[in-house]
Amino acid sequence: MPVGPYFADFLCREARLIVELDGYSHDTRIAHDLRRDSYLKAQCYRVMRFSNVDVLTNLDGVARSISAALADSGPPPTPPASGRGEESEAQKLLGISLEGSVG
């Protein structure tokens, strides 16, 4: 989703929340990401970053963090550690289906 000169992976304009999923390429673009986050924050967006590994191995924690950020006006919490276990809680929080996902 476009936000000024940048694109967000996931965006909720109403909540002014941007969720970014970072893979390996972000490890080599730290300065770019810092400029981008600074711009987005200046536009009153909160930016949450999760690694691809977090999403694949701790989807419940990521979903809970996003849900808490949507419910709270403070800074987003870090995702709680969780086992691979049941993913239905994350599906309920985000309203998504995980059929066909890796893992």
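For region 1-12, the set of residues classified as under 14 Å from the mean Cα position of the chain (by Cα) and of a type outside the set (F, W, Y) consists of M1, A8, D9, L11, C12, listed by residue number.
Yes or no: R64 in contact with a helix residue (DSSP H, G or I) (Cβ under 8 Å, 6 or more places away or on another chain) and at pLDDT 90 or above? Criteria met by R64. Scanning region 7-20 for residues that are assigned to a strand (DSSP E or B) and surrounded by 16 or more Cβ atoms within 10 Å (Cβ to Cβ) returns L11, C12, L17, I18, V19, E20.
Scanning region 27-52 for residues that are farther than 24 Å from A68 by Cα and assigned to a loop (DSSP other than H, G, I, E, B) gives a single hit, R29.
Please determine whether any residue of region 84-102 is among the charged types (D, E, K, R), assigned to a helix (DSSP H, G or I) and modelled with pLDDT of 85 or more. No; the residues of region 84-102 include none that is among the charged types (D, E, K, R), assigned to a helix (DSSP H, G or I) and modelled with pLDDT of 85 or more.
The values are calculated or read from the model by the stated rules, or taken from the named source; none is laboratory data. The structure presented is a predicted model; accordingly, all values stated were derived computationally and were not measured. Note that each Cβ is placed from the backbone with ideal geometry, even for glycine, and that neighbours are counted across all protein chains shown.
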